[in-house]
Amino acid sequence: MGDGRLNVSVVGSGYVGTVSAACFADLGHNVVCIDIDAQKVDMINRGEPPIYEEGLEELLKKHAGKKIKATSNYHEAVIGTDVSFICVGTPSDAQGNIDLSIIKAASKSLGEAISLKNNYHVVVVKSTVVPETTRKYSDPHNRKSLWQTGRRRFWCSYEPRVFKGRKSRL
Ligand SMILES: NC(=O)c1ccc[n+]([C@@H]2O[C@H](COP(=O)([O-])OP(=O)(O)OC[C@H]3O[C@@H](n4cnc5c(N)ncnc54)[C@H](O)[C@@H]3O)[C@@H](O)[C@H]2O)c1
């Protein structure tokens with residue numbers, strides 16, 4: 001946009017996604033929240049927080065319908081934004097293995113939407129994943145990659161946590 005403000009989409013409107021979206025909007029960025037839960041989408045569009053966090057309701061009321069919009073339509077969200085933050089859940093089982101099925105489904109939908117864009121799109125993984133997951137699923141030479149968009153794109157991950165002794169179920 002040239003003035004430092006970005007068009008941002010946030011995938012997943014739980015605790016991490018909604019708080020991030022509200023803070024991005026309050027910093028002046030235009031935000032589109034994406035969630036498969038229609039009830040959460042409606043709540044955000046009404047300025048009602050789907051989770052509790054101090055100060056969140058105030059920010060949503062201030063920005064809903066202006067700097068924050070919510071949808072279940074990936075294409076609609078991605079086509080008008082420059083960067084997507086993935087904030088879907090990555091639950092772990094009793095053994096500590098991370099279940100990647102939710103982030104894989106969200107990444108597939110995101111990749112399909114990005115493939116319909118003509119310009120570059122940045123994807124940032126905010127969901128908790130173990131090292132190698134991002135590379136494995138974003139490497140275009142990897143048969144398992146979810147990012148077969150057919151054009152140049154990149155994503156970066158900044159999850160600094162360490163899960164000692166645990167491994168993801170890939
Ligand atoms: N990087 C960080 O700073 C940080 C901090 C805390 C947690 N996390 C991680 O962030 C992730 C999200 O945590 P949370 O507590 O917000 O999760 P959550 O379960 O509260 O919210 C996830 C949301 O994603 C939605 N969702 C599920 N599948 C979807 C899909 N295919 N497309 C779009 N939306 C979909 C759900 O409906 C839900 O609203 C977890 O992996 C968590 O470990 C990251």
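We did not get these values from a lab; they are worked out from the coordinates using the rules stated. In this text, all values refer to a predicted model and were calculated from it rather than measured experimentally. Reconstructed Cβ throughout: ideal geometry from the backbone, glycine too, with neighbour counts over all protein chains shown.
Observations on the structure shown:
- Amide H contacts under 5 Å for Ile68: Val31, restricted to partners 5 or more places along the chain or on a different chain, H placed in the peptide plane at 1.01 Å from N.
- Links that overshoot a 18 Å alpha carbon limit, given the list Lys104/Lys136; Lys40/Lys117; Lys66/Lys108; Lys69/Lys104: Lys40/Lys117; Lys66/Lys108; Lys69/Lys104
- DSSP bridge pairs, region 33-134: antiparallel proportion in percent, nearest 5: 10
- Each residue of region 103-116 is assigned a 3J(HN,Hα), and the resulting list reads 5, 5, 5, 5, 5, 5, 4, 5, x, 5, 5, 5, 5, 8 Hz, derived from the Karplus form 6.51 cos²θ - 1.76 cosθ + 1.60 (θ = phi - 60°), x at Gly and Pro.
- Using R0 = 30 Å, the C-beta based FRET efficiency linking Arg5 and Asn45 works out to 0.90.
- The slack in the chain from Asn119 to Ala38, taken as 0.36 nm per residue of separation less the alpha-carbon distance, amounts to 26.3 nm.
- Between amide H atoms placed 1.01 Å from N, distances below 5 Å from Val123 occur with Ser84, Phe154, Trp155, Cys156, all of them 5 or more places distant or on a separate chain.
- The HN-Hα couplings worked out from phi for region 8-17 by the Karplus form 6.51 cos²θ - 1.76 cosθ + 1.60 (θ = phi - 60°) are 10, 10, 10, 8, x, 10, x, 4, 5, x Hz, whole numbers, x standing for Gly and Pro.
- Under-5 Å amide H pairs with Thr90, H placed in peptide plane, nonlocal only: Thr128
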